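Structure record follows, encoded as structure tokens.
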Amino acid sequence: MQNIILIGPPGAGKGTLAKILSEKYDIPHISTGSLLRAEVRKGTQLGKHIEKRLKDGVLMTNDELEPLLIKRLQQDDIKNGTLLDGFPRALDQIELTDRVLSGIDLVIYITVPREEILMRMSGRSNCSTCGAIYNKHKFPSKIEGVCDKCGGSLYVREEDSEEVVLERLKIYKEVTEPVVDYYRQFDYFVELDGRKGSETLLEIIENMLKRKAK
Ligand code: AP5
Ligand code: MG
């Protein structure tokens, strides 16, 4: 059983790393951003409300997010633990995290300089079918607009405009950095330079998990 939390600014590579870890350790990847976008696609009343907030780059309230997260955590595949991507990201979400997870094995904080974030977000696209993440500057798909893994069509998230990314970064600094500071006190906290390749990041994480298991 492994419970891993991924924290970092928008565009740090949380989703990209989570997908790799999820496959390697067979732990379900739960991205709160993806849960919210799935609700938007359902077209529910809540989804319409969420859509507006996502476009503006502002955080959801706990009342909006909690039921979606709890419902996801109650599904059968959670037996092996979970990889939480993008949660908690406000101090008042720490209590909920402790309530829903049976302990924390690792908190991975990914850092990336602001200029790199802006470059990454200007080139990101996502697969509408399997959620694979691409970047036209660094990791382009073989055929433009088509997912290499499943053949699904690629789309650009509406909130990836520079203006909204800057707003998300501002909120990140004010609301999420205090969460990072809270987790720093624990020995399960690790800070990683997100500019390193995923193989290097994976090696560091593997060593941390091995050390913990001893
Ligand atoms: P969410 O979907 O979590 O967005 P985010 O935190 O802004 O992060 P992103 O998904 O944009 O970036 P990422 O770190 O996953 O990077 P990625 O791997 O894609 O949340 C969206 C919204 O939902 C929030 O704004 C908020 O409104 C709401 N929300 C979510 N959780 C919430 C919560 N707990 N409370 C309240 N509201 C909440 O990579 C980015 C790009 O970089 C890609 O193009 C990728 O190919 C590239 N890349 C990745 N790794 C590398 C690398 N090592 N080198 C070079 N390029 C790389
Ligand atoms: Mg993501």
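The values are calculated or read from the model by the stated rules, or taken from the named source; none is laboratory data. Just so you know, these numbers come straight off a predicted model, no measurement behind them. Using ideal geometry, Cβ is built from the backbone for each residue, glycine included, and neighbour counts are taken over all protein chains shown. Surface areas here come from the heavy atoms of the whole protein model, side chains and all, with no ligands, DNA or RNA. Shrake-Rupley method; radii C 1.70, N 1.55, O 1.52, S 1.80 Å.
For residue 47, state whether it is more than 8 Å from ligand 1 (Cβ to nearest atom), among the small types (Gly, Ala, Ser) and loosely packed, with under 14 Cβ neighbours inside 10 Å.
Here the answer is no, as residue 47 does not meet what is asked.
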*List, please: which pairs have Cβ atoms under 9 Å, are six or more places apart or on different chains, and start with a residue in the stretch 34-51 that is closer than 16 Å to residue 69 by Cβ and without any contact (Cβ under 8 Å) to a residue 60 or more places away in the chain and end with one that is of a type in the set (Ser, Thr, Tyr) and away from ligand 1 (no atom under 12 Å from the Cβ)?*
50/44
*Counting only residues that are without any contact (Cβ under 8 Å) to a residue 12 or more places away in the chain and either open to solvent by less than 100 Å² (accessible area, probe 1.4 Å) or within 17 Å of residue 3 (Cα to Cα) (or both), how many does the stretch 187-213 have?*
9
*Taking the stated definitions as given, is residue 104 open to solvent by 20 Å² or more (accessible area, probe 1.4 Å) and touching a residue at least 40 places away in the same chain (Cβ under 8 Å)?*
yes
*asked:* Anything in the stretch 155-186 that is surrounded by fewer than 16 Cβ atoms within 10 Å (Cβ to Cβ) and among the hydroxyl-bearing types (Ser, Thr, Tyr)? List them, or say none.
replied: 155, 161, 182
*Out of the residues in the stretch 10-44 that are more than 6 Å from ligand 1 (Cβ to nearest atom) and open to solvent by less than 10 Å² (accessible area, probe 1.4 Å), state the one that is farthest from residue 202 (Cα to Cα).*
30
*Determine, yes or no, whether residue 77 is open to solvent by 30 Å² or more (accessible area, probe 1.4 Å), in contact (Cβ under 8 Å) with a residue 40 or more places away in the chain and not aliphatic (A, V, I, L, M).*
yes
_Test result for residue 72, within 17 Å of the chain's Cα centre (by Cα), open to solvent by less than 50 Å² (accessible area, probe 1.4 Å) and within 28 Å of residue 113 (Cα to Cα)_ = no
*Working only within the stretch 54-63, note down all residues that are buried (at least 16 other Cβ atoms within 10 Å of the Cβ) and either in a helix (DSSP H, G or I) or at pLDDT 95 or above (or both).*
54, 59, 60
*Taking the stretch 11-36 as the region of interest, how many residues are over 19 Å from residue 149 (Cβ atoms) and part of a strand (DSSP E or B)?*
1
_Can you confirm whether residue 34 is in contact with a His (Cβ under 7 Å, 6 or more places away or on another chain) and within 15 Å of ligand 2 (Cβ to nearest atom)?_
no
